[in-house]
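Here the structure is laid out as structure tokens; the discussion comes afterwards.
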Amino acid sequence: MSPSLHYSSLVAGLSPKPAIASKEKPMDYIISGITALFLFGYLVYALLRPERF
Amino acid sequence: MTINGVWYIVVYFLVLLALTKPLGLFMAHVFEGERTFLHRLLRPLEKLTYRLCGIREDAEQRWTQYAASVLAFSLVSFLFVYVIQRLQGFLPLNPMGFSTGHAPGNATPMTPDLAFNTAVSFMTNTNWQSYGGEVTLSYFVQMVALTVQNFASAAAGIAVAIALVRGFARKQANSIGNFWVDLTRGTVYILLPLALLFAIFLCARGVPQTFRAYQKATTVEGPTQTIAVGPVASQESIKMLGTNGGGFFNTNSAHPYENPTPLTNFVELLSILAISSGLTYTFGKMVRDTRQGWALFAAMAFMFLAAVFICYPAEQSGNPILAQLGVERAATPTQAGGNMEGKEVRFGTASSALWATATTDASNGSVNSMHDSYTPLGGLIPLFDIQTDEVIFGGVGSGLYGMLLYAIVGVFIAGLMVGRTPEYLGKKIEQKEVKMAMVAIIVTAFSILVFTAITVVIPLAKNGYWNPAGSPIANFNNSGPHGFSEALYSFSSASENNGSAFAGITVNTPFYDLLLGLAMLIGRFGFILPTLAIAGSLAAKKTVPTTSGTLPTHGALFVGLLVGVVIIIGALTFFPALSLGPIVEHFLMQQGKLFSMLLFPVWS
Amino acid sequence: MATLATPPVVVDDTALIPKKLVRARPLFDPPIVKRAVRESFVKLNPLTLVKNPVMFVVEVGAALTTVFLVRDAATGAHSIGFTLQIAIWLWFTVLFANFAEAMAEARGKAQADTLRKAKTETMAKRFSSGGKVEATPAARLRAGDLVICEAGDVIPGDGEVTEGIATVDESVITGESAPVIRESGGDRSAVTGGTKVLSDWIKIRITSNPGETFLDRMIALVEGAERQKTPNEIALNILIAGLTLIFLLAVVTLHPFALYSVRSAGLGEVPSVAVLVSLLVCLIPTTIGGLLSAIGIAGMDRVMQDNVLAMSGKAVEASGDVNTLLLDKTGTITLGNRQAVEFIPVDSVPASELADAAQLSSLADETPEGRSIVVLAKEKFNLRGREISDLNAEFIPFSAYTRMSGVDFDGRRLRKGATEAIVRFVGEQGGIVSPNFMEVSDRISRSGGTPLGVADGNRLLGTIHLKDVVKGGMKERLAQLRAMGIRSVMITGDNPLTAAAIAAEAGVDDFMAQATPEQKLQYIKQEQTEGRLVAMTGDGTNDAPALAQADVGVAMNTGTMAAKEAGNMVDLDSNPTKLLEIVAIGKQLLITRGALTTFSIANDVAKYFAIIPAMFMATYPALGHLNIMHLHTPQSAVLSAVIFNALIIIALVPLALRGVKYRPQAAATLLARNLMIYAVGGIIAPFPGIWIIDQFLHWLRLA
């Protein structure tokens, strides 16, 4: 549909391959989101109380 | 680019440069409590203020007291503006009857969320406007609530910057000045006289200053037109000087009654950056080494000119798609050329691009053209300017303290590379300073990124309270990357207290009003409180004597380092977001794809 | 100068003991590498890694990717090869960082093992309360106990000699095989547990409890057990944690942004968790995060290789910050003793006669000054030292009362001594003092030298010019210090005139003449109030307060226990010039941290150009313009960035352990050079690096 597909393959070597992206797995992102939230809290603690590390 | 356009920018910069020292020197005298030529006239007013408010002029505050004073003052300011807006229907000077039964049909109701947003906006020196001034607010609100805040929030910003400068200048002191005194002096000696002169100048050039109701006029074609007027000049002058940017009218400085002539355009442009630029000299003067101030000026000037000379050519070269259609876009004697969508013909491309850069370098946020209509690269510049924490001259006060925070981070990293515990102006940069500077930078990044993320994915019920249009993206005027830029710009503008709008989003809904209001609060106080903590910590330190082993912070090397730190931190934080907004849009435009005002693709 | 060589003492068990405290090992010594590899896996324990925010984030990311990978493998999802490779390289990133730290630690641990051998269980001869000697295990000695050590005994604990004199082999702690004298009283009374008495005997009052001895502390320090983060390290940790937080925000919000973009473009898919984790790991400062503790440990290690024992990393770091160095004149700036440089005869006396008399009067003078007169006479006039016994002479030793020494033989009375003493001596004999003699002697005094008059009975012969000889190269080193912004202050007991002359000759910035310990302490306090950091060396008990006050106090190992306790470093070689090396190491430590931080941040630019286009290739093919490295596929682009990020840690381990090259230069020059290498270089280097890895992956068909 988009002429841009054709154009981009001219300017750069990257060719789109779908495997890099996951089939939308909402569970994965929810788990990752919770992990990120935990890391966020952990890093804020590391930033504010570095002497404990 | 045209020769005239380049000259316009060069002359502008030279005049700004010429203003820096005299203005900076004057401000240094004011904040050091020295006598100036204005004291004869204004000292009684200053003293009267102290007597009325019970301020002890010689009392010094610790940083915690200083911060508490800033917070208390801001809270009272917020409540004052909120209440006056909500009560505007009962208050005088409301010839158009806003918030009453006989308001004009197109009037915007003053809802609690809008009043909250506006009160926060003017208290934080953001001046984000979710409303159109001429269809929402009475003259009383404009004058007593908003114009007063234009002075107050600007003076508060300058006060915080001066407190930080004192932190550098003082040795083993436990206090950083007195907020109330700094606030009063900044208002009485700096903002008030400048704004008064400027307002008179604007009146003389045709800006209205009246309490009369809007005028009805019959046009040559027959239909009648309502012409909004009001006490514009008095608000316009401080709006520009105090890097506030909240226009009397919805179209801001593109409106002929806010900015009637090329001369007013030039002077208003100058007033955006004048005080912030002068403060770099004030800083140098107060730390007793003016070279330090000029180094900050040089770093700011370098980034300023670089930004202008990316934005201006991008706008002047215009849209390639129009060129393919055979539209003339080169400059000719009769037209400015380039991308003229959203620009005033009377101002042209160069002065519009210059304004867009200056207003976002500073936390001004006034506009004389619509940033939404800029080319992707032209629009990237204002967006990136804002995202680098507005340290290129920046807001009055906030630009200086923002830049000093970046200097602290830069000195810390580079200072280690000369083999010493990093020092800036003889003060050791240690845990507390690094921590607070990082907190300030992270807090604004958090606000921009997280709130934009929420906005682009959160599903909201259609016709609900929060956002009647449904999901927040339904409020975007454009689809694709351009719509994304609109959201990113809004939260960048609010979080960094800029106040300019990319526009293109309908933002007067509870969802946007509250989230943007929150962003403004986080951006203002998430930056001010760490700054004052640093000021307190620095003031308490000894000053290490400068030796040849000390990192010199006044040379070209330091200027380069500072520019590098600002740009690298900004770029690393926002590159992913920008690549999905203006950057991809730029490449798509080159390929002939536009994102017009299409209906957004619907999904559940 | 003729130094008197100590006769070599044969010590039987030196074979076990390294010559230096830390032998200069090759960087990748196989046993150490083996130990480090094992440790890198042990350090994967999240409870250990949680102390390192950056690497902990990488580990959590690696674990998350692995969990999804295992789940996908179990459910039989196809094309998990890419995720598998990502997961492997993420784990390698953590392992590489662990390896760097383990390498640094392993070097110290190997050293501690050697030291422990010296801590064998010894039996002490303790005086019981009744005054009888009884055998007690060393481990049961308490502070205050009195023990006796005879030739061949190992000293059971740290203590002060209360009685006797003995030669002691301290090579266990100093690595120096030449024995040292330990005697009661004065500045040579401290003994260290684990060292060995070679001759004679000493009575020792034990001053430390078991487990708190100098050797114990040394083992703990070398092993890194007492390692605490230094202030600058903590500040840097804040910066790194802050940057990690910013990148966490940037990457986490990228998911909603991608979701919007994918929905809006109706093309492509949202990047998988593995790809988002990859981007996060590439962006957060893993290079410095992984190497930071290794840099600190290696810095301590380098100090130790210089045979200096630093009590804390903080002291090493502070030495980089020093503004003022207090240098003792004797032994640091000058060779240590005055030497005869010239014979100046009075009036018409032949120079050779003066030299002859001077030599004769000095033959029995065993002081370095006396010896240097003999040597000078030999050099200048070819006068050989005569056998003292042949002369049948009577030697008059120096006394504080007469302030002269000399010799009487054949009825001649040869004297040399202080100008006034000689003038008096000649006067008593009825001789006359030429005004020329006084002039010469004044001139020598003014130039910082010491005039020594020589008389033969009532005949005044002339003057010997004794001079402090400034160490070769000292002037250049002090000039380097000045270029680095460090002031040098010479401390001397000399009178101001002499001090000024030597100060000028050596090129120090300031001097303190006739300095008392109180004045030193005062001077340090004064400097500190003005915001300067002060470093000094000292050895006597009366130096202790100043050593304690100084920001960097280096005690000489030959010094008293009090001095060693007060300072925060002990120089086992007892070489006061060492302070200069310590300052350089402190600076190198800070520079290495700053350089790697800068490099780490600068690297991110290239990684964005690799990963961002790869992520959104399917959604916005136009972003292919950002693929300026022309990487083959999105997979290979992401993998290449992750692999580069992991390999750079290993590649920089030698730099972290050795430290960035440091030259004494002004700050501006140093900064310009380091910015060029680590900032500009850090931006450029990853582009070819990632490109090569991508080519390689493509060639191997891995992605």
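Each value in this text was obtained by applying a stated rule to the coordinates, not by laboratory testing. These numbers come from a predicted model, not from an experiment. All Cβ positions, glycine included, derive from the backbone under ideal geometry; neighbour counts span all protein chains shown.
Brief remarks follow.
- What the pair-distance distribution of the stretch B:367-454 shows, using all Cα-Cα distances binned every 5 Å from zero, is 3, 12, 17, 18, 18, 13, 8, 5, 4, 1 percent.
- Cβ crowding within 10 Å, taken as a proxy for footprinting-reagent exposure, orders B:H39, B:H102 from fewest neighbours to most as B:H102, B:H39.
- Here is how the number arises for chain B: DSSP H runs of 4 or more residues each give -39500 (n - 2.57), the sum is divided by the residue count, and the result at 222 nm is -19000 deg cm²/dmol.
- Couplings 3J(HN,Hα) of the stretch B:458-463, computed from phi: 5, x, 10, 5, 5, 6 Hz, in residue order, whole Hz [Karplus 6.51 cos²θ - 1.76 cosθ + 1.60, θ = phi - 60°; x for Gly and Pro].
- For chain B, relative contact order (Cα pairs under 8 Å, six or more residues apart, normalised by length) works out to 19 percent.
- Overall form of the stretch C:81-221 per C-alpha gyration tensor (a/c, 1.5; a/b vs b/c): prolate
- Dipole axis of the protein assembly as shown (+1 Lys, Arg; -1 Asp, Glu on Cβ), positive-most option in C:Q695, B:F525, B:S138: B:S138
- Cross-link reach list, lysines versus B:K21, counting only Cα pairs under 21 Å and skipping chain neighbours closer than eight places: B:K285
- Radius of gyration, Dmax [the stretch C:246-365; alpha carbons; angstrom]: 35.7, 112
- Shown in residue order for the stretch B:192-201 are the 3J(HN,Hα) couplings computed by the Karplus curve 6.51 cos²θ - 1.76 cosθ + 1.60 at θ = phi - 60°: 4, x, 5, 5, 5, 4, 5, 5, 5, 4 Hz (x for Gly and Pro).
- Built amide H within the under 5 Å cut-off of C:L533, gap 5+: C:N323, C:T324
- Using the Karplus relation 6.51 cos²θ - 1.76 cosθ + 1.60 with θ = phi - 60°, the per-residue 3J(HN,Hα) values for the stretch C:343-351 come to 9, 10, x, 8, 6, 9, 5, x, 4 Hz, with x marking Gly and Pro.
- In the stretch B:243-381, the ratio of gyration radius to Kirkwood radius, Rg to Rh, stands at 1.04 when only Cα atoms are counted.
- Nearest-ten-degree value, helix C:634-651 long axis tilted from longest Cα axis of chain C: 10
- Electrostatic dipole magnitude of chain B [Cβ: Lys, Arg +1; Asp, Glu -1; Cα centre; debye, to 20]: 1620
- Taking B:K216, B:K285, C:K109, C:K380 and counting other C-beta atoms within 10 Å, the order from fewest to most: B:K216, C:K380, C:K109, B:K285
- Close amide-amide hydrogen proximity is noted between C:D328 and C:I491, C:T537, each under 5 Å apart and 5 or more residues distant or on a separate chain (H modeled in the peptide plane; Pro and chain starts excluded).
- Remark on the stretch C:200-257: hydrodynamic radius 16.1 angstrom, per the Kirkwood mean of 1/r across alpha carbon pairs.
- By DSSP, the beta bridges lying fully in chain C are antiparallel in about 75 percent of cases.
- Calculated [θ] (222 nm, deg cm²/dmol) that DSSP helices of n ≥ 4 give over chain C, each run adding -39,500 (n - 2.57): -16000 deg cm²/dmol
- The stretch B:78-152: relative contact order as a whole-number percent, Cα under 8 Å and 6+ apart: 40
- Hits among aspartates and glutamates - C-alpha to C-alpha of A:K25 under 14 Å, sequence gap 8 or more where chains match: C:D72, C:E269
- Folded to 0 to 90 degrees: helix C:30-42 orientation relative to chain C principal axis, Cα: 50
- Dipole magnitude for the protein assembly as shown: computed about the Cα centre from +1 point charges on Lys and Arg Cβ and -1 point charges on Asp and Glu Cβ, it is near 1500 debye.
- Chain B - Rg over Rh from alpha carbon coordinates, Kirkwood radius: 0.96
- Counting neighbouring beta carbons within 10 Å and listing from fewest to most, the residues C:R142, B:R62 come out as C:R142, B:R62.
- Selection from C:P496, C:L95, C:F398 lying farthest towards where the dipole of chain C points positive, charges on Cβ: C:L95
- Chain C: angle of helix C:496-506 to the longest principal axis, Cα-based, in degrees nearest 10: 50
- Per-selection Kirkwood Rh - chain C (Cα, Å, 1 d.p.): 30.1
- Computed from the Kirkwood radius of its Cα pairs, the Stokes-Einstein diffusion coefficient for the protein assembly as shown at 37 °C and 0.692 mPa s stands at 91 µm²/s.
- Mean Cβ neighbour count within 10 Å, used as a protection proxy, ranking C:299-311, B:185-197, C:436-448, C:74-86 highest first: C:299-311, B:185-197, C:436-448, C:74-86
- More than 15 Å apart - percent of Cα-Cα pairs taken over the stretch C:97-167: 64
- Shielding value for C:496-507 is 0, the average number of Cβ atoms from other chains within 10 Å of each residue's Cβ.
- Alpha carbon Rg of the stretch B:172-256, scaled by the compact-globule rule 2.2 N^0.38 Å: 1.56
- Using only side-chain charges placed at the Cβ, +1 for Lys and Arg and -1 for Asp and Glu, the dipole size of chain C relative to its Cα centre rounds to 2000 debye.
- Each of C:K378 and B:T506 was given a label point 7 Å from its Cα along the Cα-to-Cβ line. The distance between the two points is 10.8 nm.
- Relative contact order, percent, the stretch C:164-281 [alpha-carbon distance under 8 Å, six or more residues apart]: 17
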